[in-house]
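Participant: Below you will find the structure I want to go over with you.
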Amino acid sequence: MMAMSPWDFDQSPIGWRRFEATKEYLEAANLIRDYIAINKEKFLYPPKTGRVIDIEILYFHIGQLLASEGLDYYKEAIKSFKQSFRKNEECWDAYVGATIGFLENDTRKIEKSIEIIDKSKDEHKDAGNIGIMKNFRKALMINMRNYKEVYSWPQSI
């Protein structure tokens, strides 16, 4: 698996996702960490053609996996989510910020992120996961803190 391209490692069912499918979240998170450590060069010098996965996406997935493991892992998940911010991608960064806000039980962070998406002129702002962000806000309003459950709620925009 460590020899796979970043795209295949992330997107293929024989990459890290096979551990997510069996709810082995910590194993998957550790596997991604190992992959990043071994394959840093692949991210520094991505191929000029073909499919590319940014390292920030893998850090985001680590955060999701840790958050899915439960409240005891939120602090560690937040550290990974903070590594997934992307320069000059306001909608993505708003989504990451809202996710961190949910884990920190901070409705104001979520509200600010929703506002950023609402005001954005980005033609791809629908990719900002506004429905998930609104679910995070709704969950905190009813004191629901289970990331995995809230993330799976149907999205309404």
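The values are calculated or read from the model by the stated rules, or taken from the named source; none is laboratory data. None of the values given here were measured: they were computed from a predicted structure. Neighbour counts run over all protein chains shown; Cβ positions are idealised from the backbone, glycine included.
Participant: For the structure I just gave you, tell me whether K48 is in a helix (DSSP H, G or I), more than 24 Å from T99 (Cβ to Cβ) and of a type in the set (K, R).
Facilitator: In short, no.
Participant: Which numbered condition trips up E69, out of (1) modelled with pLDDT of 95 or more; (2) on the phi > 0 side of the Ramachandran plot; (3) surrounded by 18 or more Cβ atoms within 10 Å (Cβ to Cβ)?
Facilitator: Tallying (1) modelled with pLDDT of 95 or more; (2) on the phi > 0 side of the Ramachandran plot; (3) surrounded by 18 or more Cβ atoms within 10 Å (Cβ to Cβ), E69 fails exactly one: (2).
Participant: For residues in region 131-145 being more than 18 Å from C91 (Cα to Cα) and free of Cβ contacts under 8 Å to residues at least 40 places away in the same chain, which is surrounded by the most Cβ atoms within 10 Å (Cβ to Cβ)?
Facilitator: Once the filter is applied, the top-ranked residue is A139.
Participant: Separate question: Which residue is nearest to P6 (Cα to Cα), if the candidates are limited to region 48-69 and must be out of contact with any Phe, Trp or Tyr (no Cβ under 6 Å at 6 or more places or on another chain) and without any contact (Cβ under 8 Å) to a residue 40 or more places away in the chain?
Facilitator: The selected residue is D54.
Participant: Taking L58 as the residue in question, decide whether it is among the hydrophobic types (A, V, I, L, M, F, W, C), over 19 Å from V150 (Cα atoms) and either outside any helix (DSSP H, G or I) or not assigned by TED's automatic domain parsing to the domain that holds Y147 (or both). Before the answer, list the steps.
Facilitator: Details: among the hydrophobic types (A, V, I, L, M, F, W, C): yes; over 19 Å from V150 (Cα atoms): yes; either outside any helix (DSSP H, G or I) or not assigned by TED's automatic domain parsing to the domain that holds Y147 (or both): yes.
Here the answer is yes, as L58 does meet what is asked.
Participant: I need the helices (runs of 4 or more DSSP H) fully contained in region 73-157, keeping only those with at least 3 residues that are within 23 Å of A29 (Cβ to Cβ). Spell out how you get there, then give the answer.
Facilitator: Working: elements: 74-82, 90-103, 107-119, 130-141, 147-151.
Fully inside region 73-157 and qualifying: 74-82, 90-103, 130-141, 147-151.
Participant: Residue check: is N30 in a helix (DSSP H, G or I), more than 30 Å from N143 (Cβ to Cβ) and among the polar types (S, T, N, Q)?
Facilitator: yes
Participant: Before we move on, is S80 within 30 Å of A3 (Cα to Cα) and among the hydroxyl-bearing types (S, T, Y)?
Facilitator: In short, yes.
Participant: Only one residue in K109, K121, K82 is within 20 Å of K148 (Cα to Cα) and out of contact with any Gly (no Cβ under 6 Å at 6 or more places or on another chain), so which one is that?
Facilitator: K82
Participant: D93: crowded, with 16+ Cβ neighbours inside 10 Å and in contact with a helix residue (DSSP H, G or I) (Cβ under 9 Å, 6 or more places away or on another chain), yes or no?
Facilitator: It is true that D93 is crowded, with 16+ Cβ neighbours inside 10 Å and in contact with a helix residue (DSSP H, G or I) (Cβ under 9 Å, 6 or more places away or on another chain).
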